[in-house]
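The values are calculated or read from the model by the stated rules, or taken from the named source; none is laboratory data. In this text the structure is predicted, and so the values were computed from the model without any measurement. Neighbour counts are summed over all protein chains in view; Cβ atoms, including those assigned to glycine, are modelled from backbone coordinates with ideal geometry. All accessible areas refer to the heavy atoms of the entire protein, side chains included, with ligands and DNA or RNA removed. Shrake-Rupley method; radii C 1.70, N 1.55, O 1.52, S 1.80 Å.
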Amino acid sequence: MKEMIGYCGLDCRKCDAYIATVNDDQALREKTAKLWAELNNAPILPEHINCEGCRTDGPKTFFCEKLCEIRKCAVSKSLSTCEGCPSLETCEAIKPIISSNPSALENLMSCRK
């Protein structure tokens, strides 16, 4: 399901926010909100953990919808994912994702097929 590969190449189906949303799993929402709040030093509540994927028409987390620079850039360039961007290999915004999650680049490359 290529539409579940995020703009950055991450597989949205593996995200705890997505899993909690599609399974209506309140315990996972609470766990994810607590973890993300600690990691980001931000007030993230369980009700903020609702996402059906950053490239779908459904709900998204506040970060994914409003703050993600990668998503904003791809949308502004009318790209389905970053794989179509000529700056992909030099992009400072996506570099941390790809370096910490090599499967993200593999996912982007599979979108070309």
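What the table below lists for this structure:
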{"read-out": "The listed residue being in a loop (DSSP other than H, G, I, E, B) and open to solvent by 70 Å² or more (accessible area, probe 1.4 Å), out of 89, 52, 38, 65", "value": "52"}
{"read-out": "Filter pass, residue 37 being at pLDDT below 95 and touching a Pro at 6+ places or on another chain (Cβ under 7 Å)", "value": "yes"}
{"read-out": "Per-region count, the stretch 1-34, residues hydrophobic (A, V, I, L, M, F, W, C), out of contact with any His (no Cβ under 7 Å at 6 or more places or on another chain) and assigned to a helix (DSSP H, G or I)", "value": "8"}
{"read-out": "Those residues of the stretch 9-26 which are closer than 15 Å to residue 50 by Cβ and open to solvent by less than 70 Å² (accessible area, probe 1.4 Å), in sequence order", "value": "12, 15, 16, 17, 18, 19, 20, 21, 25"}
